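For reference, the structure discussed in these notes is given below.
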């Protein structure tokens, strides 16, 4: 009876995951271009396909593969691009998680590998620091998401490095990863460096390291990086950057550990583990080395931003940190010796009500707006506000936004407003164009909208793209 009860809950959980992933696909049909999408489109119009990439390399940063992807993407009609690209990203993550599962588990069925991929995707989406920046905003997603997917595929193929075809594919993937963004580049170089420490006689890894080092120098030594760093030249403080990166990492880990869906997924992982009878493949390295290494990798995703800009990394970059965190938590589960204990916990009658209440609390708190206070001494004097701050900052569940945006109608309303704006643009003659405001911004798909201030750069690139003199959000005439 207990096994039957547990099996039913597991099936319901998998069904919920599949249904939720379908909703992510549905949301893609409401996505629209935002912010830098228009900026890159203008760049393409002004300098051409190759010239725009050279311009970025010389004036802003050394990323080459993500720039090529973005410039190529904005040449496609936005009405198609903004709907198709999120679906490609979702499919890419699912495929990558599926491939990785084959390297994590021994003698596991395809059925479980897909269950693992879907569950990992479900938990990954639930706790992503920014769903909009990670999937639905083209420029932000194109900079980080393909690199994350490529890293996962790279890791899943790395043990077949002796095969020439796979070796060439690994080289191509590595070059793409390095040129995508600095966070992915650092993660890859540390992984290859760690591989050399354990297999220092492998000539293929040495050759790979040399090729990757050359392309890393191409990124680091770009004129654009030098120009960009001049804007933050006073912020290069090593001790402060290390301290802030460490503090932010601890805070983020606490926040992500408060996600009840993560614990649900872990509990049911042990249920499926007992059902499918497979073994977890643990690296032949001392556990503490793996733990320290993964913590160090998460730290490395935060440090560059604090070092270069003395500020927290953008949320689209933190999506990479969260991805490492998930596998870090999964690795820690290997130290739970008694799977039967976990199975007994799942079978308890109180576990479902407890997890349900916990999830409801998270959903309720996730709808609060985070208090915006620069002076933290305020919270010392106001304990209620302090409790509110802790509750909100330690609870995030993107599925709240997904379901709310779709079923409350905010996504439909947003799309309707975008169509109204298109009509106003078609009827534009001259002067300032007033566009209607979005009533309720759907948090799951919108990163940044236009502003009332016509001098904002977002408004200016939008106006340039549509050949307008000036544009601003204001009340309808």
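The values are calculated or read from the model by the stated rules, or taken from the named source; none is laboratory data. As the structure is a computational prediction, the values presented were derived from the model and not from experiment. In this analysis, Cβ positions are derived from the backbone assuming ideal geometry, glycine residues included, and neighbour counts consider all displayed protein chains.
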### Task
Kindly indicate whether any position in region 131-146 is outside the structural domain of residue 447 (by TED's automatic domain parsing) and more than 22 Å from residue 31 (Cα to Cα).
no
### Task
Kindly list the number of the only condition in (1) assigned to a helix (DSSP H, G or I); (2) modelled with pLDDT under 80 that fails for residue 297.
(2)
### Message
Anything in region 238-280 that is at pLDDT 75 or above and not in a helix (DSSP H, G or I)? List them, or say none.
### Response
258, 259
### Filter result for residue 185 (touching a helix residue (DSSP H, G or I) at 6+ places or on another chain (Cβ under 8 Å) and within 22 Å of residue 299 (Cα to Cα))
yes
### Message
Filter region 452-477 down to the residues that are in contact with a strand residue (DSSP E or B) (Cβ under 6 Å, 6 or more places away or on another chain), assigned to a loop (DSSP other than H, G, I, E, B) and surrounded by fewer than 18 Cβ atoms within 10 Å (Cβ to Cβ) and list them by number.
### Response
452, 474
### Summary
Of the residues in region 17-43 that are without any contact (Cβ under 8 Å) to a residue 40 or more places away in the chain and over 20 Å from residue 448 (Cβ atoms), the one that is farthest from the chain's Cα centre (by Cα) is 19
